[in-house]
Amino acid sequence: MHLINSALLVLGSALLSSACEMDCRNGINKAFADNYSPIIANHMAVLAEDIKSSFAAEVENTPELGKEIESSISALQTTILSRLPKAVDRQVFTKYRGPCPQDIEGCPNYNCSSLCGSPGSVIYFIDDALQLANAGVVGQVQKDTEPGRIFHKSIRSAITARVGNSQVDVESKLKPILRDLHDRATTMCDESCYNKWTSQIIELLKTFD
């Protein structure tokens, strides 16, 4: 019995060590978040210009409004970036989880063709992992700019307070701007991103394999 228990402990340890554990997950999530950071920054810059352009007369007559718009978007960018690692984790590692079979070539280590929680499995299905990470990022951007969220309320209140327009007037200008942002977000990253990041993510995964 003692030998059986010892064998089970060794097997369990082997399975556990082959998984993409928290240090692995955190490393991969951070790498994706870092890669997306400049892309998010560009989208936020476009959002700022779109809002200021839509309220150009009000910004010209009330210079402080332009600063408040930029401040609100800066806070939004900080919020989104802080949430990206978890957004990526939910998408990628909800799918790539659990022990890997030992009887398939390449498993549980590098280039494991079984869908499981090892770094090797993520490497094997790297195209899928890249798309899942992108879905997490896009979803986070869209979620944090939905009507009723903190950013939407703060930008609407700032404009309304400065220019005295009714919230309905402000809202009618904000809605299409945020809708355009949501649409642009879906194409923020394509094959060119994936091709540029694939080697980086694979090499990082290998350090945990």
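Of note:
- Its residue count N fixes a reference of 2.2 N^0.38 Å for segment 130-180, and the Cα radius of gyration divided by that reference is 1.38.
- Whole-number percent relative contact order across the chain, with pairs defined as alpha carbons under 8 Å at least 6 apart: 26
- Tilt relative to the chain, helix 150-163 - C-alpha long axis, 0 to 90 degrees, to 10: 10
- Local electrostatic count at SER54 - Lys and Arg +1, Asp and Glu -1, tallied over other residues with Cβ under 13 Å: -2
- Percent of alpha-carbon pairs separated by more than 29 Å within the chain: 41
- The packing ranking, built from the mean of other Cβ atoms within 10 Å per residue, places the peptides 22-31, 118-127, 186-195, 83-92 in the order 118-127, 83-92, 22-31, 186-195, highest first.
- Placed amide H near GLY117: partners under 5 Å, 5+ positions off or other chain: ARG97, GLY98, CYS100
- The convex hull drawn around the Cα atoms of segment 97-145, when projected onto a plane and averaged over every direction, covers 3.4 nm².
Read-outs: derived from the displayed coordinates by stated rules, not from any lab. Quantities reported herein were computed from a predicted structural model and do not represent experimental measurements. Neighbour counts are summed over all protein chains in view; Cβ atoms, including those assigned to glycine, are modelled from backbone coordinates with ideal geometry.
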